[in-house]
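Report on the following structure.
The values are calculated or read from the model by the stated rules, or taken from the named source; none is laboratory data. If you're wondering where the values come from, they're calculated on a predicted model, not measured in any experiment. Note that each Cβ is placed from the backbone with ideal geometry, even for glycine, and that neighbours are counted across all protein chains shown. Heads up: the accessible areas ignore ligands, DNA and RNA and are worked out on the full protein's heavy atoms, side chains in. Shrake-Rupley method; radii C 1.70, N 1.55, O 1.52, S 1.80 Å.
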Amino acid sequence: MVESFVRLMPKQGFQEWPSLMGDMAELCRETEYRLVKDGYRKATTLHIEDRNYKELMERINKDGLIYTPILKAAYSEGFIHEHKEAKEGEPFYWYGCVTKTYKEGQEFKKADGSAEQKKPNHIKLGKLLGYPECCIDYFNKKFPQNWDPIWIEKSGRVCGYPECNRLLRYFGVHITWHFSCSPVCEKTKEEGKKWFSVMKEMDKELAEKIYNLLSKSMTWDSYHGVVQIETPYFVGLSRTFPYLEKKRVINWEVKKK
Amino acid sequence: MGLLVKPYLGCNIKCKYCYEGPLRNVKEPQLDYDLDAVVNTIRENKKTAPSIGLHGGEIFCIPNKHLEILLKETYKYGESVGIQTNATLIDDEKIRLLKKYNANLGISWDGPGELCSARPGTEKVGEIIDKVMSKGISVGMIIVVSEANAGTKAKREKLKKWVYKLSKEKGIDARFNPCYNDKELELSPKKRVSVYLDFAKFFLENDIRWSPFTDIIRALQNSKNKVCTFSGCDIFCTKSATSVMGDGSITNCMRTNEEFILLRDKKEYDTRLEILRETPIKYGGCKGCKYLEMCTGGCPTATIDDDWRNRTSWCDVWYALFQYFENVLKMTENEQLYSRDKKGDEKEKKEIHSHEDQTKPGGHGDYSAHINKLKE
Ligand code: SF4
Ligand code: SF4
Ligand SMILES: [Zn+2]
């Protein structure tokens, strides 16, 4: 298996995109947190490293939220598909969840299972994270077949809503945080409206840039454990589920109103 | 290589197999470069680049006054700057500038007469080579081996004669690069193995030490000093070639840019090698190939299905050449001359033969077994 990694190279004339993508990802993370703080959903996951421990914990305390550490996970570069327990002396980060109450934090920890090396309860987790039921069900069924389950039956031209577009998940840029069951999942679109409005409250201009990016035509091309995504502005790469014999390519287009 | 300065990607002759052709088809290059930005990028990157070259497109298409600005800048760093050119625009004024700034030439040409038919308008390059050499300018060459100059036995004989003359009479060092950008001009898969083996024998017998043959020997000896093709090139951070564009931005080796120019990643990754090590031969990888650590799967821009996540489509040729030169080195009975782990042979045989539907090798040693494997 290819080592975990993420890369993003701009096309000529679009030099600002790697840093812009960083800003977008930051806004997406903030939205995720804000939705818990505002009581819109029960939980979100959060990685805490040594370097940002103090700052994040202070913030969580100030916001009256609870951080439940779940696993001391081995540090790895790039997009993390799974958390592995860190060995003694290895660089690590804390994988855990943020909730409003202690009880919810414990529920999340139990459903996650990784602290006790148990299989996760995806249905329970999905509910705590506030995902639509159709998408929880999709993930629960498809994840055992493919741990990067982006509409696994689909290839070629795929039209959908920007709210459902998770092709840039490796770079942390998306409107909703779950794998939508379909590129035209109406429930995801509905959820997305709420998420997008919170995003806009925080940074209208950047939120609109995210929406526009997710609306652009792009290609997601997965082969031999590496996915290559091409947008009009950059090419990005990440480790993914390995298709060995044949590649799977999604040519994304936004569904016309 | 090192820093390749490419302010203008246009060209006066536009060879059919040129790897910059697809970019030119998207947008015809203009002489709209920003020399200040180019010079700034050279300054910022000179420290880490082992050498500087002026390239194109055809670099001599830019006005002499701009050429002189670039030559003056590169001259400051003390080494002789290399200029890669099709040589057709070289005149007395250019020779004067080359002399003044101690530049050397890398001339791309595929041979005299019919041999250069893939490079229209280059018929007189032979005379130009003689002229610049007579003025004391050092010349190296890139010869692209294609159907145009090696497609028939008669052409190959002419090519050998010319190569012999270049090397032995003129003392020119050259690279014998395969053409793999044009399906019509690329040597057909049917004949390229035997053609390259024939050339390998010719180079060996005549002690002509040109790339890629010398690189294969070096690779077999675990030398780091070998051509990019066998150096585990990362297509998003080509360490052998840092190309400076006309706007001062930095991209990779231009073979990697087809419909658009992708800027270079700052960090190099081994992802392709990781993939090739684990992917079986029949799915486009190199798993179990005894030459993998030397060959590294070939150039990532000349691959099966044009996908860098596969091995090179020239695997058959490279494998045959690795085996040929390994046998030559073995004949010296000096193990220090070839450092490959000899257990590798056995390991590969096992990998190849253990496959259920493996066509039995035809008794020609492990090369035919490997080729059978490729055909699966
Ligand atoms: S892309 Fe191919 S030609 Fe270019 S530097 Fe890499 S190996 Fe060499
Ligand atoms: S010879 Fe072929 S199989 Fe072996 S490493 Fe090179 S490309 Fe891969
Ligand atoms: Zn759904």
With a point put 7 Å past each Cα toward its Cβ, work out how far B:Asn12 is from A:Glu26 in nm, to one decimal.
5.1 nm
What is the sum of charges, Lys and Arg at +1 and Asp and Glu at -1, for the other residues whose Cβ falls under 15 Å from the Cβ of B:Asn149?
+3
Taking the radius of gyration and the Kirkwood hydrodynamic radius from Cα positions alone, what is the Rg/Rh ratio for the stretch A:177-257, to two decimal places?
1.02
Using the C-alpha atoms of the stretch A:39-84, what convex hull volume per residue, in cubic angstrom, is computed?
103 Å³
Can you tell me the alpha carbon radius of gyration of the protein assembly as shown divided by the globular rule-of-thumb value 2.2 N^0.38 Å?
1.11
To make sure I understand the rule: partners must be lysines, Cα under 27 Å from the Cα of B:Lys94, and not fewer than 8 residues away in the same chain. Which ones qualify?
B:Lys6, B:Lys14, B:Lys16, B:Lys46, B:Lys65, B:Lys72, B:Lys76, B:Lys124, B:Lys131, B:Lys135, B:Lys165, B:Lys170
10 Å Cβ neighbours from other chains, averaged over peptide A:6-14:
6
Test item: B:273-282 mean partner chain Cβ contacts at 10 Å
3
If you bin the C-alpha pair distances of chain A every 5 Å from 0, what whole percents do you get?
1, 6, 12, 17, 20, 20, 14, 8, 3, 0, 0
What is the Rg over Rh value, at two decimals, for the stretch A:120-159, using alpha-carbon atoms and the Kirkwood definition of Rh?
1.03
Please list, in order, the residues from the stretch B:203-232 whose amide nitrogen is less than 16 Å from a point placed 7 Å along the Cα→Cβ vector of B:Glu79.
B:225-228
Grab the eigenvalues of the alpha-carbon gyration tensor for the stretch A:109-257, scale each by 5, take roots, and send me the semi-axes largest first in whole angstrom.
24, 21, 14
Net charge (Lys, Arg +1; Asp, Glu -1) of residues whose beta-carbon lies under 15 Å from that of B:Lys183, B:Lys183 excluded, is -3
Simple spin-label model, 7 Å along Cα-to-Cβ: B:Leu31 to B:Lys153 in nm?
5.0 nm
For B:Ser51, residues with placed amide H under 5 Å, excluding near neighbours
B:Leu3
With N set to the number of residues, divide the alpha-carbon radius of gyration of the stretch A:87-165 by 2.2 N^0.38 Å and report two decimals.
1.36
Within the stretch A:206-252, list the trypsin sites (Lys or Arg not before Pro) lying in a DSSP loop whose Cβ has at most 14 other Cβ atoms in a 10 Å radius.
A:Lys216, A:Lys246
Give me the distance in nm between label points sitting 7 Å out from Cα along the Cα-to-Cβ direction at B:Lys65 and B:Ser188, one decimal.
5.3 nm
What Kirkwood Rh does the stretch B:2-146 have if only Cα atoms enter the pairwise 1/r average? Answer in Å.
15.8 Å
The stretch A:46-51 - phi-based ³J(HN,Hα) in whole Hz, Karplus 6.51/-1.76/1.60, Gly and Pro as x:
8, 9, 10, 9, 3, 5
Return the FRET efficiency for the residue pair A:Thr101, A:Asp137: r is the Cβ-Cβ distance, R0 is 30 Å, and the value is rounded to the nearest 0.05.
0.70
Give the long-range amide H neighbours of A:Lys84: residues separated by 5 or more places, or on another chain, with amide H under 5 Å away, using H modelled in the peptide plane at 1.01 Å from N.
A:Ala74
Residues other than B:Tyr19 with Cβ under 10 Å of its Cβ, Lys/Arg counted +1 and Asp/Glu -1, net out at -2
Under 5 Å between amide hydrogens, which residues at least 5 positions from B:Gly57 or on another chain qualify, with H placed 1.01 Å from N in the peptide plane?
none
Relative packing of A:53-64, B:167-178, B:103-114, which averages over residues the other C-beta atoms within 10 Å, highest first
B:103-114, B:167-178, A:53-64
How much area per residue is accessible in chain A when the probe is 1.4 Å and only protein heavy atoms are counted (Å²)?
49 Å²
How far, in nm, would the chain grow between A:Glu245 and A:Lys87 when pulled straight, counting 0.36 nm per residue and subtracting the alpha carbon separation?
53.4 nm
Quick one: which of B:321-332, B:152-163 comes out on top by average Cβ neighbours within 10 Å, and what's the full order, highest first?
B:321-332, B:152-163
Radius of gyration and maximum dimension Dmax of the stretch A:42-129, Cα, Å
12.9, 35
Let me know the mean shielding of B:308-315 by other chains, meaning the per-residue number of their Cβ atoms within 10 Å of its Cβ.
2
